[in-house]
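Data first, discussion second: the structure below is written as C-alpha cells.
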Amino acid sequence: MRKTIPFPAYYDDVPIDLSFVFENEKPAGKHGFLKADKDRFVFEDQTEARFWGTNFNGGANFPEFEYAEKIAKRLSKIGINLVRFHQLDSEWNTPNIYQFTKGKRLKNTQTFDPESLKRLDYLIYCLKREGIYCYLDIFTYRKFKSGDGVENAIALKDAAKPYSGYNRHMIELQKKNAYDFWTHVNPYTGLAYKDDPVFVLCEIVNESTLFSRIDVEPYAGEFRRLFRDWLKERDIKYDWEHCDLNGKDPVLIDFKVELQQKYYTEMISYMKQIGVKIPITGTNYTICSANCKAQTVTDFCDNHAYIYDWRWGENEKRCKNIAVTQMSESVFGTLSLMRVFDKPFFVSEWDMPWPNEYRAESPLLFAAVGALQDWSGFAIHTYAYGNRLQYMNMLGKEVSSSSIGGVPYREGIFSTWNDPAKFGLFYHAALITRRKDVSSSKSKIAIRIKDLTTSMKPAYRVSAEMSKIAACYNDDMPDAEIVSEDQVLVDESKGEVRSDTGELYRNWNKNYGIIDTPRTKCAYGFLQKNSPVELNGLTVESKTDFAVIAMSSLTDDALGNSDNILLTTVGRAMNTDAKFEGDLMTDYGRPPILIEVIEADIKLKTERQNLRVWAVNAEGFFVGEIPTQYENGVLSFTLGDRFPSMYYLIQEE
C-alpha cells in the first residue's frame with residue numbers, strides 16, 4: 001500500500017518563491033531586442049538568452065486583469081521566463097482573437113475583437129513586469145471563412161494547411177494578420193508589439209508542411225500548376241499533370257522544399273519590412289528530413305515532440321504508461337532532427353502528459369539534455385486552455401466537456417499548472433536552463449542527411465544525451481565531426497548513455513538516471529532497486545520504488561557550500577480514487593490531488609554545519625523540521641517519516 005498525502009495546487013500562487021534568484025532580469029526587455037547570433041540567442045547588450053517557458057493555449061491568453069496579475073507573479077515565482085501565445089486564432093476558443101464570446105456569427109477573420117485584444121495587452125504588460133518574455137504564435141488554427149474570399153473554405157483544415165503555404169490570397173491574408181498584430185499599440189506598455197522587446201520569438205505557421213496530404217481543390221490543381229512552372233524554369237521533363245502529389249519522387253521533394261522556403265522568406269521579409277526586429281522561424285514539425293531542410297532559411301529552428309501515444313479518445317481513454325528510464329531512445333533524437341549548428345534551436349512544445357505515472361522524470365531530463373545540447377530553451381504544452389482554474393482542482397480535467405474542438409486531450413490531460421509531477425519540478429528545470437547549471441558539450445557531431453523522405457535515422461538514436469548533435473545537408477562543417485545518418489553513435493545494447501561532460505547518465509536496463517552538477521543534483525527513475533545512488537557529494541537511498549529526488553542551490557555557491565537549498569521529492573501524482581485497468585483509465589477520480597510520499601535517506605557533503613531541513617506544504621507553510629545529523633562534513637536526514645512533503649528548504653540558521 002503506497003503512502004500518499006494531499007498536495008493541491010492553487011491557481012494564484014506556488015509554495016516557494018524562486019523569483020529572487022532572477023530579480024535582476026525584471027522587467028523583460030531590459031537587455032534590448034533578442035537576436036540570433038550563430039547558434040545562440042543574445043540580447044542587444046550581448047546577454048545570452050535562455051528560456052524555460054510554457055504555452056498559454058486558447059482562452060488562457062485572454063484573462064481578466066486581476067487574474068493576469070496573479071498568473072504573471074505565479075509564473076515568475078516558479079522560474080518561468082517565457083510564455084508562448086498559442087492558438088490565439090482557434091475558432092473553438094472562447095475567447096479567441098477574432099471573437100470574445102460565442103453567439104454572433106463570425107463572417108470573416110480579418111479583424112481582432114477589441115475585448116480580446118485588451119485582455120491580451122494587459123497580460124503582456126503583467127508578464128513584462130515580472131521578467132517574462134513572449135513568443136507570438138500568429139497562425140495556428142485560423143478557420144478561413146467565405147467572407148475572407150477563400151475558395152472552398154469549408155473543406156480546409158485549421159490554418160488551411162498545407163495550402164496556405166502557397167496560395168497567393170491566403171498569404172496576403174496572413175500578411176494582413178501579421179501587420180495587425182505587430183503594428184498594434186499596447187495601451188498598457190505604450191509600445192507597438194514590433195517595438196516592444198518583451199517579444200522575443202515568432203513563427204509563421206504552427207505545425208504545417210507541404211509534405212502532408214495535398215488533395216483539396218482548387219488548391220491541388222494550383223499546386224500542379226506551380227510545379228509545372230518550376231519544372232519549365234529548370235527545363236526538367238516530368239509528368240506534372242498525373243503525378244502523385246503526395247509521392248516521394250526526389251524532383252517533387254526538391255520542389256516542395258523550395259516552395260516552402262519561398263513562403264518562409266516572403267513572410268519573414270514582410271515582417272522585417274514592417275519593423276519586426278526579433279528572430280522568426282517557419283514552422284515546428286518533424287514529418288520528414290525534407291521538411292527539416294526547409295527550415296534552414298529561417299532565423300532559428302524550432303521543433304515539437306511528445307512522449308505519448310495519442311490514444312486518448314472521447315470515450316475510451318488510454319495512455320502510454322512507460323518511463324523514460326525504461327526506454328533507450330525516447331524523444332531527444334526526434335527533437336534534434338530540426339536542429340542545425342549555425343542557428344539557435346528552441347523547443348516550443350514538449351510534454352509527457354498525465355496520466356503517465358512516471359511523467360515526473362521529464363522536466364529535469366528535458367532541461368538537462370537541452371543544456372547539454374546548448375539549445376536555447378523550452379515551452380511546455382500547455383499551462384492551461386482556459387482561466388477558470390480556481391474551480392479546477394483535479395488532474396487531467398480542466399473543462400466540463402470530454403473534448404474541445406473534437407480533440408479529447410484538450411479537456412485537460414496536457415494541463416500542467418496543477419501537476420506536482422511536472423509543474424512542481426519547474427523550479428529545478430528553470431535553474432538548469434536559465435542558470436546553465438548543466439554544462440554544454442564541447443564536441444559537435446554533424447549528421448549528414450542523405451534521405452529526405454524519412455525522419456528518424458540511426459545516428460540520432462540516444463546520441464543527444466552524449467554530445468551535441470545536429471543535421472547538416474552539405475559537407476561544409478569545419479568545426480564539427482561529420483558522420484553518416486546511418487552511423488550508430490551509441491551502442492544501445494549496453495543499456496546506458498553518459499554525456500561527454502560526465503554530468504548526465506541514464507541506464508535503461510537498470511531504469512534510473514542522474515544529473516550531477518555543482519549546483520543541481522538529481523536522481524530519478526526506479527531508485528529503490530538501484531539504491532544507494534551515489535553522486536558527487538550526495539548519496540540517495542530511496543525506500544520508494546519510483547522517485548525523482550532533486551536538489552538545487554538557491555545561491556551562486558555549489559551545493560556543498562550553499563546556505564539555501566531547495567530539495568524536491570516527487571514520483572507518482574494522482575487524483576483521489578482514480579482507477580485504471582492497465583493503460584485504460586476508467587475513472588478520473590476526485591479532489592484532492594495526491595502525491596506518493598517519497599521515503600529516502602539523504603547524505604549531503606557540506607561545509608555548512610548549521611543547516612536545518614524544513615518541510616514545506618502546498619500552501620507554502622513550514623510544517624515541521626526534519627531531524628538531521630552532521631558528522632565528518634556530512635549532513636544526514638531521513639525523508640518521508642516525519643512531516644512528509646514534496647518540498648524541503650535546507651537553510652542555515
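The values are calculated or read from the model by the stated rules, or taken from the named source; none is laboratory data. Computed from a prediction, not measured in an experiment: that's the story for all the values here. Cβ sites come from the backbone with ideal geometry, for glycine too, and all protein chains shown count toward neighbours.
Of note:
- The single condition among (1) over 26 Å from the mean Cα position of the chain (by Cα); (2) part of a loop (DSSP other than H, G, I, E, B); (3) closer than 25 Å to ALA49 by Cβ that GLU241 does not meet is (3).
Here's the yes/no breakdown for (1) at pLDDT 95 or above; (2) assigned to a loop (DSSP other than H, G, I, E, B); (3) under 26 Å from the mean Cα position of the chain (by Cα):
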position: SER440; (1), (2), (3): yes, yes, yes
position: ILE445; (1), (2), (3): yes, no, yes
position: SER455; (1), (2), (3): no, yes, yes
position: ASP479; (1), (2), (3): no, yes, no
position: VAL483; (1), (2), (3): yes, no, no
position: VAL490; (1), (2), (3): yes, yes, yes
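- Only helices (runs of 4 or more DSSP H) whose full extent lies in region 286-398 are considered here, and the ones with at least 1 residues that are surrounded by 24 or more Cβ atoms within 10 Å (Cβ to Cβ), under 15 Å from the mean Cα position of the chain (by Cα) and not aromatic (Phe, Trp, Tyr) are 332-336, 362-373.
- Checking ASP254, ASP229, ASP235 one by one, the residue that is of a type in the set (Asp, Glu), surrounded by fewer than 18 Cβ atoms within 10 Å (Cβ to Cβ), assigned to a loop (DSSP other than H, G, I, E, B) and out of contact with any strand residue (DSSP E or B) (no Cβ under 6 Å at 6 or more places or on another chain) is ASP235 and no other.
- Among residues that are at positive phi and not basic (Lys, Arg), GLY406 is included.
- Output for region 23-58, where each listed residue is under 26 Å from LYS468 (Cβ atoms) and of a type in the set (Phe, Trp, Tyr): PHE41, PHE43, PHE51, TRP52
- Restricting region 99-125 to residues that are of a type in the set (A, V, I, L, M) and over 15 Å from GLY59 (Cβ atoms), the residue that is surrounded by the most Cβ atoms within 10 Å (Cβ to Cβ): ILE124
- Among the candidates LYS194, LYS143, LYS128, residue that is under 16 Å from ILE97 (Cα atoms), in contact with a helix residue (DSSP H, G or I) (Cβ under 9 Å, 6 or more places away or on another chain) and crowded, with 20+ Cβ neighbours inside 10 Å: LYS143
Conditions (1) of a type outside the set (Gly, Ala, Ser); (2) within 22 Å of ARG642 (Cβ to Cβ), marked per residue:
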site: ASN511; (1), (2): yes, no
site: THR539; (1), (2): yes, yes
site: SER553; (1), (2): no, no
site: TYR588; (1), (2): yes, no
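- Residue in region 137-144 that is within 22 Å of GLY406 (Cβ to Cβ) and among the hydrophobic types (A, V, I, L, M, F, W, C) present: yes
- Residue within region 91-98 that is closer than 27 Å to ALA159 by Cα, modelled with pLDDT under 95 and crowded, with 23+ Cβ neighbours inside 10 Å present: yes
- Strands (runs of 3 or more DSSP E) wholly inside region 1-75 containing at least 2 residues that are crowded, with 18+ Cβ neighbours inside 10 Å and within 23 Å of the chain's Cα centre (by Cα): 34-37, 40-43, 51-57
- Within region 616-633, restricting attention to residues that are of a type in the set (A, V, I, L, M) and over 25 Å from THR517 (Cβ atoms), the residue that is surrounded by the fewest Cβ atoms within 10 Å (Cβ to Cβ) is VAL623.
- When residues of region 493-550 are limited to those that are among the acidic types (Asp, Glu) and assigned to a loop (DSSP other than H, G, I, E, B), the one farthest from GLU596 (Cα to Cα): ASP500
- Lone unmet requirement of (1) over 25 Å from PHE43 (Cβ atoms); (2) β-branched (Val, Ile, Thr); (3) in contact (Cβ under 8 Å) with a residue 12 or more places away in the chain for ILE154: (3)
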